[in-house]
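Only one structure is covered here, and it is reproduced in the block below.
Each value in this text was obtained by applying a stated rule to the coordinates, not by laboratory testing. If you're wondering where the values come from, they're calculated on a predicted model, not measured in any experiment. Quick reminder, even Gly has a Cβ in these numbers, built from the backbone with ideal geometry, and neighbours come from all protein chains shown.
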Amino acid sequence: MNDTTPPPERPEATVPQPGLRFLEIAVYIMGGLLVLMLVVLLGGIAWKIANRGEAPPVEPKEMTLNIPAGASVSGMTLDGDRLAVNTGKEIVVFDVKKGQVLARIKLAGP
């Protein structure tokens with residue numbers, strides 16, 4: 001017994017649907033845009049690394065804080081751009097960047 005069954009017939013070429021060509025073009029365009037954006041991103045990073053400028057030197061500021069007569073500074077705390085100075089009689093909150101006193105908190109004690 002010979003098994004001589006013919007191979008299954010191949011379907012004839014089907015007619016492409018009209019929307020598929022549009023989708024294929026859209027995929028190619030979006031892929032190209034992704035590659036382009038990656039190249040631009042890497043170029044921007046390389047440019048920033050190559051053109052890294054030196055930070056301008058910080059000029060020291062001289063600030064004067066008036067404290068009550070006879071008081072001495074017993075502690076200071078810096079948080080960001082705010083400085084709290086404890087004089088024993090009051091706590092003075094000072095803005096270092098603006099150079100001004102933000103608050104004076106009187107300490108009442110026995």
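Can you name every residue in the range 30-71 that is among the aliphatic types (A, V, I, L, M), within 17 Å of L83 (Cβ to Cβ) and surrounded by fewer than 10 Cβ atoms within 10 Å (Cβ to Cβ)? Spell out the reasoning first.
Of all residues in the range 30-71, those among the aliphatic types (A, V, I, L, M) come to 30, 33-42, 45-46, 49-50, 55, 58, 63, 65, 67, 69, 71.
Going one step further and asking which of them are within 17 Å of L83 (Cβ to Cβ), we end up with 58, 63, 65, 67, 71.
If the condition is that a residue be among the aliphatic types (A, V, I, L, M), within 17 Å of L83 (Cβ to Cβ) and surrounded by fewer than 10 Cβ atoms within 10 Å (Cβ to Cβ), then V58 is the only one that fits.
Tell me which residues, restricted to the range 72-99, are out of contact with any strand residue (DSSP E or B) (no Cβ under 7 Å at 6 or more places or on another chain), surrounded by 11 or more Cβ atoms within 10 Å (Cβ to Cβ) and farther than 24 Å from E59 by Cβ.
Across the range 72-99, the qualifying residues are T87, G88, K89.
Failed condition for L42, given (1) at positive phi; (2) part of a helix (DSSP H, G or I), with all others met?
Among (1) at positive phi; (2) part of a helix (DSSP H, G or I), the lone unmet condition for L42 is (1).
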